[in-house]
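Below: the structure, in structure tokens.
The values are calculated or read from the model by the stated rules, or taken from the named source; none is laboratory data. Please read these numbers as outputs of a predicted model, since none were measured by experiment. Cβ placement follows ideal geometry from the backbone for every residue including glycine, while neighbour counts extend to all protein chains displayed. Accessible surface areas use protein heavy atoms only, side chains included; no ligands, DNA or RNA. Shrake-Rupley method; radii C 1.70, N 1.55, O 1.52, S 1.80 Å.
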Amino acid sequence: MQPFRFTLLSAGPHDLPTILRGPETGPCVLFVPPLFEEMNRTRRLLADLGRALAAEGIASVLPDLPGTGDAPGTPGIAVWRDAVAHLIAQTRRPLHVLAVRGGALLTDGSGSRGLYRVAPAASGAGLLREMTRAQAIADQERDGARVAPSAYEGRFARGETVALTGYDIPAPLAADLAALILPEAAVPLRVSEVEGPPVWRQAEPAPAPAFANALAEDIARWLR
Amino acid sequence: MTADTASSADQMRRILVEVLGVPPATAAGLDDASPLFGALPEIDSMAVAGLLTEMEDRFGIVIDDDEVDADLFATFGNLVEFVARKAQA
């Protein structure tokens, strides 16, 4: 198994903890991970994908976006978009971008050679809706009384910070997320048609090495 | 059980396996009275919310926010009955 390297990559105002895999020269893929809890559920898949790409001779870069994982900073849509743009701009090797789920909302691929989307979220509003629904169900299970998902929207409207699926979401972040739609790609786009389990939906994501390998093969073919 | 609910049940089993990673043998053994949420480790509140989205896509139904209720996921029978009812509406 190829080792991974850990580094801090400068992305504007923040240095982001980043995992590097694969050769130090040649083609490289920047992973833009899903948002919030979906990111945690996808971590294993992205690690497997990084290893599979390395086996194809392709490097990968997996950053923690500002305010997520071990990265400093305040989470926010604009902050994340800026960080991704910085990471693309400062890379001095042929770079493609791989964006998963909500990560696809953060970049149009500008500055890279191509954009590969895996199960891209159509909108931030859809993600926010799933989070309020999940929280409503969790609250109902805890308190016994049914909660309308719209109750959280009311709290956002009053400017409150609301904990959704374990993440404190300030009202401005909720508003920015709700306004986010999948951008038109600014570079050659490929939307993955590789079949595999949607680990980002799974409470206990099962390892999916076959999915990761198939994605890596598809990406490698696309890059050649 | 009507033919509609029987096919809904089979589709629901397939979604639980494909989307949430419920072991196929577990899904095959689910009957109307089988508890889901709180009983299967593969089903937490986020998985439930994701499952609602997948159900909307796969069954071509629209689930309103005021229909979102943890009781839907209390048992497999509740879930299948809900889907069969929505599909007819």
**Q.** Charge dipole of chain A about the Cα centre (unit charges at C-beta), most positive-ward option of A:119, A:200, A:145
**A.** A:119
Q: Provide the convex hull volume over Cα atoms per residue for chain B, in Å³.
A: 85 Å³
Q) Dividing the convex hull volume of the Cα atoms of the range B:41-89 by its residue count, what figure in Å³ per residue is obtained? A) 75 Å³
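How many square angstrom of accessible surface are buried between B and A, both sides summed, with a 1.4 Å probe and rounding to 100?
Buried area (both sides, nearest 100 Å²): 2100 Å².
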Q) Going through the DSSP H helices of chain A, which span 15 Å or more along their own axis at the Cα atoms while scoring at least 0.5 as a mean Kyte-Doolittle hydropathy? A) A:77-90
Q. Using a 1.4 Å probe on protein heavy atoms, which residues of the range B:54-79 have at least 50 Å² less accessible area in the complex than alone?
A. B:65, B:68, B:70
Q. What whole-number value in Å² describes the accessible area per residue of the protein assembly as shown for a 1.4 Å probe?
A. 43 Å²
Q. Quick one: ranking A:150, A:60, A:123 by accessible area, 1.4 Å probe, largest first, what do you get?
A. A:150, A:123, A:60
Q: For the range A:1-96, list log₁₀ I(q)/I(0) at each q in 0.11, 0.23 Å⁻¹, using the Debye formula over Cα point scatterers of equal strength and ignoring solvent, two decimals each.
A: -0.29, -1.25
Q: For A:133, B:13, A:113, B:85, write out the residues from largest to smallest accessible area, computed with a 1.4 angstrom probe and no ligands counted.
A: A:113, B:85, B:13, A:133
Q | Quotient of Cα Rg and 2.2 N^0.38 Å for the range B:17-63, N being how many residues it contains | A | 1.17
(Q) Quick check on the protein assembly as shown: of the DSSP beta bridges with both residues there, what percent are antiparallel, nearest 5%? (A) 50 percent
Q | Peptide A:127-134 - average C-beta neighbours from other chains (10 Å radius) | A | 5
Q: Describe numerically, in nm with one decimal, the distance between label points set 7 Å from Cα along Cα→Cβ at residue B:74 and at residue A:181.
A: 4.0 nm
Q | Size of electric dipole in chain A: Cβ of Lys, Arg +1 and of Asp, Glu -1, about Cα centre, debye, nearest 20 | A | 420 debye
Q: Just the number, please: carbon plus sulfur as a percent of the accessible area of chain A, 1.4 Å probe, no ligands or DNA/RNA counted.
A: 53 percent
Q. Semi-axes of the equivalent ellipsoid of chain A: what are they in whole Å, largest first, if each equals the square root of 5 times a C-alpha gyration tensor eigenvalue?
A. 31, 19, 16
Q | Total charge dipole magnitude, the range A:103-177, about the Cα centre, Cβ charges on Lys, Arg, Asp, Glu only, Debye to nearest 20 | A | 200 debye
Q) Quick one: which of A:46-53, A:163-170 comes out on top by average Cβ neighbours within 10 Å, and what's the full order, highest first? A) A:46-53, A:163-170
Q: Using a 10 Å cut-off on Cβ to Cβ distances, tally the other chain neighbours for every residue of B:36-49 and report the average as a whole number.
A: 6
